[in-house]
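Notes for the one structure printed next.
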Amino acid sequence: IGLEADQELALLSDAAAQAACLRRHWDTIAGLGWLTTAIPEEAGGAGGDLADLAALVGGAGRGGLPLPIATACGVLPHLLADQPAALAALAEGRQRIALIPADAAVDDDSDAPRIADGRLSGSAVGIETPPDPTHVLLVLDGEEPQLLLIPADAKGVAFTRYQRIDGRPSADWRFSGVAAEAGWTLARGAAVLRRASEARDLGALLTCIEAVSAAGALIEQTIEYLLNRVQFGVPLASHQALRHRVAEMYVEYETLRGLAIQALRSLSAAEPTAWRDIAFAKLRLGEAGRFIAQSTIQCHGGMGMTEGLQAIRLARRIMMAEFEFGDRSVQARRLLDDAASRAA
């Protein structure tokens, strides 16, 4: 599906046509049951485990599928684990939910989403969304944390859609005095932030797995390009500098892959320090992923500045993956704070 979607999107330049293409592929994966992978059988899901999720996002990453698979198939089911009605709507594809976490990006800190006198106000930018979102799941921090599931067409809710550089649908959301209905609040209290933290780590791990898979495909495509591209009568692969660069890319890839595997094992075993392994993997993704992506573009020369190769789109995807569920600065701060607290 990923390769098919990539090939179709590569031929489209109109934003509306690209959006329609993404919506078709979203409906396809929903029909295939991808969204039900981590949802329990009693809630209408497939009852899969973390290994199933990892295989799913890994396959999507290798094909460069520009849809929020990690969020839709892993993060949202975790956040909605005790909400059977919402899980059923997600599993059946009746609700396409965008997630706004408590630490979502905002243009101005004073404009972060908040509820006052029963009305929701504020905004969030750069939120990855499914095609044509029907709802937004909002995690609100504060004196009383809340988890709200809000219809996208509710009065006072507005969003501006666009595509990121990696082709994924995103939106800027604004809430202008939205009258918060009682039925929108799914949970309250400290448990909301605890579950949101777990969901963030799950999303970070799945993003790492997706990026590792994409990086593997990227290196394969780069090697094939260097072997077949002939300049001045010789293949590019005959140049020692390019061969050394590919070797460096592979070392970075294997390092990142090892960290991701360790994090997957830790979380699968429910180890208390699994978050630490995930943070290390995500931190390394920000460094290794950028090196692999940039090296790919350089190895492709002038072709690396075009839209004609899937490798270039995969490179952009890997670079964007760093900023999902906590970039390297966020992960480094978490690890440093933990080390300081243990040393105290």
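The values are calculated or read from the model by the stated rules, or taken from the named source; none is laboratory data. These figures come from a predicted structure and were not determined experimentally. Cβ atoms come from the backbone with ideal geometry, glycine included; neighbour counts cover every protein chain shown. In case anyone asks, the SASA skips ligands and DNA or RNA and just uses the protein heavy atoms, side chains included. Shrake-Rupley method; radii C 1.70, N 1.55, O 1.52, S 1.80 Å.
Listed values, structure above:
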read-out	value
Per residue solvent-accessible surface (Å²) - the chain, probe of 1.4 Å	46
Separation between Cα centres of the stretch 15-32 and the stretch 102-142, rounded to whole Å	25
Computed [θ] at 222 nm, helices only, for the chain once each DSSP H run of length n ≥ 4 contributes -39500 (n - 2.57)	-16000 deg cm²/dmol
Gaussian network model of the chain, Cα within-10 Å springs - most flexible of L65, L120, L76	L120
Highest to lowest packing among 148-159, 90-101, 198-209, scored as the average C-beta count within 10 Å	198-209, 90-101, 148-159
Carbon + sulfur, % of accessible area of the stretch 176-279 - ligands and nucleic acids excluded, 1.4 Å	55
The stretch 54-164 - percent of accessible surface contributed by carbon and sulfur, probe 1.4 Å	48
